[in-house]
Amino acid sequence: MSAAPIRVLVTGGSGFLGSSVVRGLAAAGHDVVSADLRAPAAPADGVRHVVMDVTDRAGVLAGVAEAAPDVVVHLASIVTPGPGSTRERERAVDVDGSRHVLKACLASGVRRVVVSSSGAAYGYHPDNGAAHGGWLTEGDPVRGNVEFAYSDHKRQVEELLAELGATHPELEQVVLRIGTILGETVDNQITALFERPRLLKIRGSDSPFVFIWDTDVVAIIERAVTGPVTGIFNVAGDGALTVDEIAGILGKPVLTVPEPVLRAALAVARRLRLTAYGPEQTRFLRYRPVLANDRLKTVFGYTPSRSSRQAFDDWRMRERR
């Protein structure tokens, strides 16, 4: 016997991840409402689409009330700011928008909220994962970095969720701290690093990456909507790849630079408006969060289909298929 359909509202439903989640939930027979600033380029069959700006508190309250969902999947955020974006606008979407969605969930009696957080919420710190051999677990502190808007905002959103969990435990939470997503159609600021003729590495730092295949992320979100388990979970494949290992797979050389040299070069380049990145970017390159996925597998009950290495190999081979 199949489970009863669930009414689900997905914020950011027209985005790269959101559109896949919407299609997956609809294909599984659930009653899905997709909310975003714009309609999707390829609407999913049987899905109702509504215009929603998460920065508009009244609009979010009204939209959630009208949809009357059992579960809200909150994916709306600014991962890669576009030209002309400001820190204020990004915070309005990421933090204030999340606050509006959470308050609307309480006002409408939503049973569960599934939130896409990020490994960036842990922040980029030299002592990341020190208690576990460099691997970050869900019990490690979420510290973010003020100098990185996305990391700082994800930390603030998780603080909102922790406070809400203490005061309103009736609203179930599934919080997914997602690693670097790869997939056949994924192109972003991280994959752009791998497209360069030489890979950049800071001397003395392995700078490992953890990867998760996009279809695994979608399946995990779908299970978060329908399954019995709640809580916080790192979302990553098994293992990690260092910059040297990635360069070896790609057959590319590595440019190894002392951190003070790169920091000074970035400071000059940004002053001359040659790059949007500043000297703080060296922290991103040195102290990338490395996510342990034990809890995802043993508590949440999902084993990713690809390890970090397999996800990278499949992403690399996509153009040959």
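Structure values in brief
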quantity	calculated
Pairs of Cα atoms farther than 22 Å apart, region 17-94, %	28 percent
Label-to-label distance, nm, for residues given as residue 103 and residue 252 (7 Å Cα→Cβ offset)	4.5 nm
Neighbour count of at most 13 Cβ within 10 Å plus DSSP loop: longest GluC sites (Glu not before Pro)-free window in the chain	1-169
Over 28 Å (Cα to Cα) - which of 252/297; 154/201; 201/297 fall in this group	252/297; 201/297
Cα pair count fraction exceeding 21 Å, expressed as % - region 112-251	49 percent
Sorted by Cβ neighbour density within 10 Å, fewest at the top, the residues 297, 201	297, 201
Rounded to whole Å, sorted largest first: equivalent-ellipsoid semi-axes of region 62-141, Cα gyration tensor	29, 20, 9
Taking the C-alpha atoms of region 244-321, convex hull volume expressed per residue in Å³	151 Å³
Stokes-Einstein D in µm²/s, Kirkwood radius over Cα pairs - the chain at 4 °C with 1.567 mPa s viscosity	63 µm²/s
Cα-based equivalent ellipsoid, region 189-321: semi-axes from gyration tensor eigenvalues, Å	32, 18, 14
For the chain: relative contact order, % (alpha-carbon pairs under 8 angstrom, 6 or more apart)	17 percent
log10 of Debye I(q)/I(0), alpha-carbon scatterers only, for region 205-254 at 0.21, 0.24, 0.26 Å⁻¹	-0.79, -0.91, -0.99
Label-point separation in nm, residue 284 to residue 89, each point 7 Å along Cα→Cβ	1.8 nm
Cα Rg over Rh - region 3-137, Kirkwood	1.03
Euclidean distance between Cα centres, region 222-251 to region 63-85, Å	23 Å
Using alpha-carbon coordinates, inclination of helix 16-27 to the longest axis of the chain, degrees	40 degrees
Rounded to 5, the percent of DSSP beta bridges in the chain classed as antiparallel	5 percent
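All of the numbers you see were taken from the coordinates with simple rules; none came from a lab. Note that the structure is predicted; figures quoted are calculated from it, not measured. Here Cβ is always computed from backbone atoms with ideal geometry, including for glycine, and neighbour counts include all displayed protein chains.
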